[in-house]
Each structure stands twice: as C-alpha cells, then as structure tokens.
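Structure, as structure tokens:
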Amino acid sequence: MDSFAAKIIRWQEKHGRHHLPWQHTRDPYAIWLSEIMLQQTQVNTVIPYYQRFLQSFPDIRRLALASLDDVLARWSGLGYYSRGRNLHRAARLIVSNYQGKFPESAEIIRKLPGIGRSTGAAIAVFAYGERCAILDGNVKRVLARCFGLEGYPGDKRNETLFWRKAEELLPTSQAAATKGSNEDINGLVETYTQALMDLGATVCTRSKPKCSLCPLQQDCVAFRHDRIDKLPSPRPRKLLPMKETILMMLMNEGRVFLEKRPLEGLWGGLWCLPEMAVGGNTMEHCRGRLGLELDSPVQVPMEPFDHTFTHFRLRIYPQLLRVSLLSSTPVRDPGTGIWTTPEDALQAAIPAPVRKLLTTMRVSS
Ligand code: SF4
C-alpha cells in the first residue's frame, strides 16, 4: 500500500504548484524571503511584494546595508511588520556572524530572528535538500484531519505530538530507492514538502476543503467520521484583556502628523498617529510630548473601534483634530515626526489601524 508521502508526492507532481517565483532556485536568501512573506499572507498577495523586495535588496549584504526605514517602506501594505524588522536584523547577523553566507543547516537557521523551527526546516529543505519536517498552520490542518489528531495544535503538548507525526511521515531513502525515478532522497523530501504545502493551501483548505480531489481521502479520519469542521481543534476560548488608547489625527492644511515609534515595543519602528492615554489633555500632550503649539484645534467626532493583537485587544478612540500651528512651534526632526499628505502616509510603513483611519478619512474628505 502507498505511504502518505508517496500519495501526496504523486499528487504534487500532477496537480501541485510548479511555477511560483521562489521555486526552481537554490538561493537560500530568496527562499528565506518567500517563506517569511508567506507566513501570514496569501501567495497572490506575496508575489508582487516578493519581486519588488528582491529588486530593491537582491542579496543578504544589500539588505543588511539598507536602513530599517527603507526595508519597512518596501514591506508597507504586507502587514505584520515584525517580519520585516526580523528579516533586517537576521541579515545583519548573517553578515556579522557568518561572513554574509546563509547558514546551511535547519538547526542553525531556525535560531535566526523571526525564523523558528518550521520555517528553518522549509529553507533547509528547499535550499539544501536537508531531510527535515515542516509544521506550519496548513500542515497542522492536513495532519489533524487526515490522522484524526485531536487537541489544539498550538498547545505545547499537542504540538510535540504533531511534530512527531510530521517527522514520522517524511519519505525515507528506501522510498526513494523504490520510487523508480531519478530523484534521490533530497529531491524526494523537497517534492514532499512542496506537496504538503500545496495540499494545505489548495485542497485541504480551512473551509470547504475539496475532498473529492484529495489523494488522502480514502484514509482521512476526518472525512470518514464527518469531523472535517471539528479538526483541527480550535484554540480554547480565552477572553483577551482589553486596553484603550487615543490615536490623534492632527490635520493641518491637508497634512497629517505622523510620529516614528521607538524600535522596541508595539508597532516598533513604524510611522504612527500620535498616541495619547485615555483622559489625557490634547493641548498639553501636543505641547509636552509632541512639541506642537496648537491654535484652538477643532475636534471632529469619530467612532471608536477595536483592533485585536495575539495577547490583547486594543480599543482605539480616534481623535480627528483640525489644527493651526502657532509660529512658536519648533521644527521637528524629520526622522521622528513629519507632516505628510494622507496619500503619502499610506505608502509608508504604518500599522493596520492607522491605515484604516487614514483610508476612512481619505474616502470621507
Ligand atoms: S480528505 Fe478532505 S479533510 Fe481529509 S485531508 Fe483530504 S481535503 Fe483534507
């Protein structure tokens, strides 16, 4: 009987994806970039960003030499900016610790900033043909359904079991020898890994999986027991703590004021609307924190909204203030605070809620 690996490899060769821009290269830098961009973003969205990013920063050294601002500007619109920050940090580490040469084993790759075990393994498989297992969200879903693995896969104990399963399923040298093709074990692991990714992304999707097209249908526990919508088990419901903040949209002659966030902490290194604690005094905050002397600002009411992070929710009270500046206002260092048009602001590296506010304002003005 065919093994799990043999089934999905055969399926991949016929029905998998073969023409993505990051396939057919052994360049670990290009593969690394694609894996990071794909972590929280769909393939079709990633492709143009990937191509533009590679044009701007074609290799590790050029990325390491670039300023973080330039890197985040090329990341603008992709979201989850910590990925861009970590990419930049890792490039500098590779240049300083590995003479600019990308490390060649999954064990070392996974320790670089923003990579981790599954992404490190994917890079090692595609760049060096190393035999190691991946376990991203798509793979967890396929394994949970196919083998009826219960329990939330993000939980440490369950995750260990998922990893064990993922490793068990890797093709063996024996499988390579009996496959009767020219592929050696390295090539087989590469096709297998791509197969898992493709199956999770195109067939065993989160909702409405296309089981009739799936090479695993006959053995799939979830399919046989009608548990597809129950697996993988969802994250146990936990009420996230709620925090509150004010985001100030200061508008002066068609320009909005943006502040550069410190590198550490929430939205690190991004351009942001100035933040003020709920209950704070606008005039005092502008004078004391922002160095802006305002002349009788006009406040326009706006609806609060919530933004969810992994560990908390943030209730944002937007404050749209049409302001004139007193001539005594000192000029800000353009590296930390700028007046810019909403259109230009939307091109910069800004957090999602700021993008939302600026877009709403542009539509309504
Ligand atoms: S049969 Fe359906 S649920 Fe099972 S692995 Fe295939 S696509 Fe997923």
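Looking at region 293-305 only, could you name the residues that are aliphatic (A, V, I, L, M) and under 35 Å from the mean Cα position of the chain (by Cα)?
Quick first cut of region 293-305, residues aliphatic (A, V, I, L, M) only: 294, 298, 300, 302.
The answer is 300, 302.
Scan (1) touching a residue at least 40 places away in the same chain (Cβ under 8 Å); (2) assigned to a helix (DSSP H, G or I); (3) within 15 Å of the ligand (Cβ to nearest atom) for the single condition residue 162 breaks and write down its number.
Unmet for residue 162, out of (1) touching a residue at least 40 places away in the same chain (Cβ under 8 Å); (2) assigned to a helix (DSSP H, G or I); (3) within 15 Å of the ligand (Cβ to nearest atom): (1).
Give me the pairs, please: first residue somewhere in region 111-125 and free of Cβ contacts under 8 Å to residues at least 12 places away in the same chain, second residue anywhere and surrounded by fewer than 23 Cβ atoms within 10 Å (Cβ to Cβ), beta-carbon distance under 6 Å, and either six or more positions apart or on two chains.
From region 111-125, the pairs are 116/110.
Kindly check whether there is at least one residue in region 266-274 that is of a type in the set (A, V, I, L, M), under 30 Å from residue 158 (Cβ atoms) and in the same structural domain as residue 314 (by TED's automatic domain parsing).
Narrowing region 266-274 to residues of a type in the set (A, V, I, L, M): 266, 270, 273.
Applying the additional criterion that residues be under 30 Å from residue 158 (Cβ atoms) yields 266.
Those still in the list that are in the same structural domain as residue 314 (by TED's automatic domain parsing) too: 266.
Yes - at least one qualifying residue is present in region 266-274.
Would you be able to tell me the number of residues in region 98-111 that are surrounded by fewer than 17 Cβ atoms within 10 Å (Cβ to Cβ), in a helix (DSSP H, G or I) and either touching a Pro at 6+ places or on another chain (Cβ under 9 Å) or among the acidic types (Asp, Glu) (or both)? Quick ask: steps written out before the conclusion?
Let us first name the residues in region 98-111 that are surrounded by fewer than 17 Cβ atoms within 10 Å (Cβ to Cβ), namely 98-101, 104-105, 107-108, 111.
When the remaining residues are screened for being in a helix (DSSP H, G or I), the result is 107-108.
Still in the running and either touching a Pro at 6+ places or on another chain (Cβ under 9 Å) or among the acidic types (Asp, Glu) (or both): 107.
Within region 98-111, residues that are surrounded by fewer than 17 Cβ atoms within 10 Å (Cβ to Cβ), in a helix (DSSP H, G or I) and either touching a Pro at 6+ places or on another chain (Cβ under 9 Å) or among the acidic types (Asp, Glu) (or both) number 1.
Which pairs turn up if I take residues in region 281-292 that are more than 14 Å from residue 321 (Cα to Cα) and look for partners that are among the charged types (D, E, K, R) and surrounded by fewer than 17 Cβ atoms within 10 Å (Cβ to Cβ) with beta carbon separation below 9 Å, at least 6 apart in sequence or on another chain?
That search, which allows pairs on different chains as well, returns 287/293; 290/332; 291/332.
The values are calculated or read from the model by the stated rules, or taken from the named source; none is laboratory data. These numbers were taken from a predicted model, which means no experiment stands behind them. Cβ: placed from backbone, ideal geometry, glycine included. Neighbour counts: every protein chain shown.
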